[in-house]
Amino acid sequence: MRKWILRILLFWFVLGGLLYYLFDRPGIFESIRGVSLAWIAILSLLSSLLLLLNGLVLKTLLRPFKVYPAIRECFGISCLTAAGNCLTSFGGGTVGKAVYLKKKYDFPYPAFTASTLAAYIFDILCASLLGIAVVVFSGNIWEAWGWKVLSVFLSTGLIASFLIAYRKNFSFHDRMFL
């Protein structure tokens, strides 16, 4: 019962602080006055979808380690990680995610590091493929800088592909992604 009261008090404290901050600075939203509500709704929906996809990626990466959080919990972890990364420097949200998984599921830090690096390598591969597609389909490949940009995306994609394809056999207890 005490945890419930503490959560409610913390919620009202944070909400009160946020409202005080907004009312203390009335011109804070002047810069976005020209943005339509439709675009704000679209961007909010896309941001929520990105957080949901990050939660699904987390759930998928935890499955080989026999950690099975619920979808709702993965979405919450994704939201808290994103908020922590925005509020702190150097990926404080990611550190918070590691501590949460260690505390709740006894998920070892080396396994967390391996799964996080796998996700980042996959992100780099996807970003390089998207960059290649943009350079090729925009027609800028024929520009002087187009070949240089294309070569950067190709080399980055190749390095990420090699890292994904690399497999090393570990002992039974050290097995990460096989």
If we scan the range 31-52, do we find a residue that is closer than 25 Å to Ile159 by Cβ, in a helix (DSSP H, G or I) and in contact with a Ser or Thr (Cβ under 8 Å, 6 or more places away or on another chain)? no
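Open to solvent by less than 60 Å² (accessible area, probe 1.4 Å) and under 30 Å from Pro110 (Cα atoms), is that true of Leu22?
Answer is no for this residue.
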Could you run through the range 89-112 and say how many residues are more than 14 Å from the chain's Cα centre (by Cα) and polar (S, T, N, Q)? 1
Only one of Glu73, Glu30 is open to solvent by less than 50 Å² (accessible area, probe 1.4 Å) and among the acidic types (Asp, Glu), namely Glu73
Got a number for residues in the range 59-70 being free of Cβ contacts under 8 Å to residues at least 40 places away in the same chain and either buried (at least 17 other Cβ atoms within 10 Å of the Cβ) or assigned to a loop (DSSP other than H, G, I, E, B) (or both)? 5
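So, Leu22, is that one within 20 Å of the chain's Cα centre (by Cα) and assigned to a helix (DSSP H, G or I) or not?
So Leu22 fails the test.
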From the set of residues in the range 155-178 that are at pLDDT 80 or above and open to solvent by 80 Å² or more (accessible area, probe 1.4 Å), which is farthest from Tyr109 (Cα to Cα)? Leu158
Quick one: count up the residues across the range 95-113 that are crowded, with 16+ Cβ neighbours inside 10 Å and out of contact with any Leu (no Cβ under 7 Å at 6 or more places or on another chain). 5
I'm trying to understand the selection: among the residues of the range 78-95, which are hydroxyl-bearing (Ser, Thr, Tyr) and more than 16 Å from Ala119 (Cβ to Cβ)? Thr88, Ser89
Within the range 118-147, can you find the residues that are open to solvent by 100 Å² or more (accessible area, probe 1.4 Å), farther than 27 Å from Lys59 by Cα and modelled with pLDDT of 80 or more? Phe137
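Restricting the range 33-47 to residues that are more than 24 Å from the chain's Cα centre (by Cα) and of a type in the set (A, V, I, L, M), which is most open to solvent (accessible area, probe 1.4 Å)?
Among those that are more than 24 Å from the chain's Cα centre (by Cα) and of a type in the set (A, V, I, L, M), it is Leu37.
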Among the residues of the range 75-113, which ones are under 21 Å from Arg63 (Cβ atoms), part of a loop (DSSP other than H, G, I, E, B) and without any contact (Cβ under 8 Å) to a residue 12 or more places away in the chain? Asp106, Pro108
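The values are calculated or read from the model by the stated rules, or taken from the named source; none is laboratory data. Please read all numbers here as calculations on a predicted model, not as lab measurements. Glycine also receives a Cβ, built like all others from the backbone with ideal geometry; neighbour counts cover every protein chain displayed. Calculation scope for accessible area: heavy atoms of the full protein, side chains included, ligands and nucleic acids excluded. Shrake-Rupley method; radii C 1.70, N 1.55, O 1.52, S 1.80 Å.
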